[in-house]
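Read the structure below first, then the notes.
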Amino acid sequence: MNTVLFYSSLSGAAKLVVAVAVFLLTFYVISQVFEIKMDASLGNLFATKPPRYKCGISKACPEKHFAFKMASGAANVVGPKICLEDNVLMSGVKNNVGRGINVALVNGKTGDLIDTRYFDMWGGNVAPFIEFLKAIQDGTIVLMGTYDDGATKLNDEARQLIAELGSTSITHLGFRDNWVFCGGKGIKTKSPFEQHIKNNKDTNKYEGWPEVVEMEGCIPQKQD
């Protein structure tokens, strides 16, 4: 009888030990998982994301400046894109771009959009473009980007009007060159905001077209 009780007590003690061991193991596993999750949560909480600046440019603009970023068209497939102060002014998504020279006019004091147009310089007429350029008011920021071909129908008068906005590359813009430019009506010096790449069959990224040109920067706000 005592032997039976002894073995019965031993069996109960073993079960208790096993139960305690299972509890401790379970507690350890749960605590480890909890700590891992807690570490991950704290990591997410304190992780610092790189700052994003207007239009996705690489650094913030100083006060009294407008942030801008723009890109020419890609071959005859993807249209140009013009962004100012985090507002996309022209793009294929907005469905307001086209073959030729794409133009956005912006108020130099407020940054408000005045107008967007595109002028077909392959199959169109340069006369409406010349009239448009002549009508631009002093103090207007002018942003331009080519798509497909922006030069075939350009004549000396149109080129001179764009040069007066601060462009230096417009005088030698050629067939299917890629070009982006930001200038202004009434500007006293040549604009620092211009990128141009020639159409060259030996270096073209796309068949018949050079690579896309991109540009970003900070445009000084017009002061009274």
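The values are calculated or read from the model by the stated rules, or taken from the named source; none is laboratory data. Keep in mind it's a predicted model, so treat the numbers as computed, not measured. A quick note on method: Cβ atoms are made from the backbone with ideal geometry, for glycine too, and the neighbour counts reach across all protein chains shown. Side chains included, ligands, DNA and RNA excluded: accessible areas come from the protein's heavy atoms. Shrake-Rupley method; radii C 1.70, N 1.55, O 1.52, S 1.80 Å.
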First select every other residue whose beta carbon is under 15 angstrom from the beta carbon of E194; then total the charges, Lys and Arg +1, Asp and Glu -1.
-> 0
Diagonalise the Cα gyration tensor of segment 183-222 and give the resulting equivalent ellipsoid semi-axes, square root of 5 times each eigenvalue, largest first, whole Å.
-> 30, 11, 7
What's the local net charge at L84, with K and R +1, D and E -1, over the other residues with C-beta under 9 Å away?
-> 0
Please report the base-10 log of the normalised intensity I(q)/I(0) for segment 91-131, using a Debye sum with one equal scatterer per alpha carbon and no solvent, at each q in 0.24 (1/Å).
-> -0.86
Hey, any idea what Rg/Rh is for segment 59-143, computing Rh the Kirkwood way over Cα pairs?
-> 0.99
Between D224 and T171, what is the spin-label point distance in nm, taking each point 7 Å from the Cα along the Cα→C-beta axis?
-> 3.8 nm
What's the carbon and sulfur percent of segment 57-130's accessible surface, probe 1.4 angstrom, rounded to a whole number?
-> 49 percent
Multiply the residue separation of K64 and E207 by 0.36 nm, subtract the distance between their alpha-carbon atoms, and state the gained length in nm to one decimal.
-> 47.3 nm
For Q137 and Y53 in the same chain, what is the full-extension length gain: residue separation times 0.36 nm, less their Cα-Cα distance, in nm?
-> 27.3 nm
When Lys and Arg each count +1 and Asp and Glu each count -1, what net charge do the other residues less than 10 Å away from D138, Cβ to Cβ, add up to?
-> +2
Sort 203-214, 114-125, 174-185 for me by packing, meaning the mean count of neighbouring Cβ atoms within 10 Å per residue, highest on top.
-> 174-185, 114-125, 203-214
Computed magnitude of the charge dipole of segment 85-181 (debye, nearest 20; Cβ of K, R +1, Cβ of D, E -1) | 160 debye
For segment 107-224, what Kirkwood radius comes out of the mean inverse Cα-Cα distance, in Å?
-> 14.9 Å
